[in-house]
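Everything below concerns the one structure shown next.
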Amino acid sequence: MKLFLDSANLEEIDQALIRGHISGITTNPSLLSKEPKANFFAHVNKIADRITNRGQEIPLSVEVFATKPEEMIRQAQEIRERVSYKQLNIKIPVGWNELKVISELARQGIKVNCTCIFTEEQAVLAANAGAKFVSIFMCRLKDIAGDPIKVIGNTRRILDLAKHPAEIIVGSIRSQTDILDAHIAGAHIVTAGAKILEGMAFHPQTEKSVQSFLADFNAWVK
Ligand code: E4P
């Protein structure tokens, strides 16, 4: 039931790290583009520093922004060289030619998070090519009337039957219910935005219960 934070925002990352509920961070080019303009490597290194400064070593996923396989490999190598962080995972979108990238990076010892997955077949190919994580997009699949619960469940079953080490990350999350449904369906990890994760902590009865306890106690100590 691992939770990852899906964000490139330094403040959100700080707030999550001090609370200890996340065991990884995922970014993508769109999440980075929401941050103030900055040098790509400088911003990613700031994220890595935030994690190491807390004495943690959780997986951090950073996506390539090239589209040609050889350029993706070159970029992945450059990210690994210029971001000094051991638990760095390079996000590579799934695809026929991208399998060459995943396989080559895995051969070079570069950890890969294969992303933008919508089917069991894509997940199986990526895992076989050497991906450490296979990222299934829940709500983008729902957007086209797909069945992410089936895809997650089948993928988990296939990986478990094969005793394959790859882990399923479910992303493209828009609600707390998505997080629960993804975990129950078989996700190893669910990655979600800061606001959705924060909302998980709240329930009106929790507040009311604490207030009533305190009211009783304060009346008793008077
Ligand atoms: C995670 O790895 C994905 O990049 C992310 O969850 C996609 O979410 P979105 O569909 O909200 O953009």
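The values are calculated or read from the model by the stated rules, or taken from the named source; none is laboratory data. Note that the coordinates shown come from a computational prediction; the quantities given were computed from them, not determined experimentally. For neighbour counting, all protein chains shown are included, and Cβ atoms are generated from backbone atoms with ideal geometry for every residue, glycine included. Accessible surface areas use protein heavy atoms only, side chains included; no ligands, DNA or RNA. Shrake-Rupley method; radii C 1.70, N 1.55, O 1.52, S 1.80 Å.
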query = If you go through the range 59-97, how many residues are out of contact with any Cys (no Cβ under 7 Å at 6 or more places or on another chain) and not in a loop (DSSP other than H, G, I, E, B)?
reply = 22
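Taking the condition of being open to solvent by less than 30 Å² (accessible area, probe 1.4 Å) and under 17 Å from the mean Cα position of the chain (by Cα), how many residues in the range 196-218 meet it? Show your work before the answer.
Filtering the range 196-218 for residues open to solvent by less than 30 Å² (accessible area, probe 1.4 Å) gives 197, 199.
Restricting the remaining residues to those that are under 17 Å from the mean Cα position of the chain (by Cα) gives 197.
Of the residues in the range 196-218, 1 are open to solvent by less than 30 Å² (accessible area, probe 1.4 Å) and under 17 Å from the mean Cα position of the chain (by Cα).
Could you check the range 163-179 and list, in sequence order, the residues that are more than 16 Å from the ligand (Cβ to nearest atom) and either open to solvent by less than 60 Å² (accessible area, probe 1.4 Å) or free of Cβ contacts under 8 Å to residues at least 12 places away in the same chain (or both)?
Step one: of the range 163-179, the residues more than 16 Å from the ligand (Cβ to nearest atom) are 163-165.
Result: Lys163, His164.
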task = Name the single residue, out of those in the range 59-113 being among the hydroxyl-bearing types (Ser, Thr, Tyr) and modelled with pLDDT of 95 or more, that is least open to solvent (accessible area, probe 1.4 Å).
result = Ser61
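Among the listed residues Lys91, Lys111, Lys86, Lys142, identify the single one that is within 11 Å of the ligand (Cβ to nearest atom), basic (Lys, Arg) and either touching a residue at least 24 places away in the same chain (Cβ under 8 Å) or closer than 15 Å to Val62 by Cα (or both). Even if it seems obvious, please write down each step before you answer.
Details: Lys111 fails: within 11 Å of the ligand (Cβ to nearest atom); Lys86 fails: within 11 Å of the ligand (Cβ to nearest atom); Lys142 fails: either touching a residue at least 24 places away in the same chain (Cβ under 8 Å) or closer than 15 Å to Val62 by Cα (or both).
Matching residue, one of Lys91, Lys111, Lys86, Lys142: Lys91.
For Ile152, are the conditions met, namely being among the β-branched types (Val, Ile, Thr) and open to solvent by 60 Å² or more (accessible area, probe 1.4 Å)? Let's see the steps before the verdict.
On the way: among the β-branched types (Val, Ile, Thr): yes; open to solvent by 60 Å² or more (accessible area, probe 1.4 Å): no.
No, not satisfied.
From the set of residues in the range 1-58 that are open to solvent by less than 50 Å² (accessible area, probe 1.4 Å) and in a strand (DSSP E or B), which is farthest from the ligand (Cβ to nearest atom)? Lay out the reasoning, then the answer.
Let us first name the residues in the range 1-58 that are open to solvent by less than 50 Å² (accessible area, probe 1.4 Å), namely 3-10, 13-14, 16-17, 22-28, 31-32, 35, 40-45, 47-48, 51, 56, 58.
Right, trim to in a strand (DSSP E or B) and you get 3-6, 25-26.
Working: Leu3: 12, Phe4: 8, Leu5: 10, Asp6: 5, Ile25: 10, Thr26: 4 Å.
Restricting to residues being open to solvent by less than 50 Å² (accessible area, probe 1.4 Å) and in a strand (DSSP E or B), the top hit is Leu3.
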ask   = Taking the range 129-163 on its own, how many of its residues are under 22 Å from Leu88 (Cβ atoms) and either in a helix (DSSP H, G or I) or over 16 Å from the mean Cα position of the chain (by Cα) (or both)?
value = 2
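Of all residues being away from the ligand (no atom under 13 Å from the Cβ) and in contact (Cβ under 8 Å) with a residue 12 or more places away in the chain in the range 180-195, which is most open to solvent (accessible area, probe 1.4 Å)? Just the residue, please.
Filtering first and then ranking leaves Asp181.
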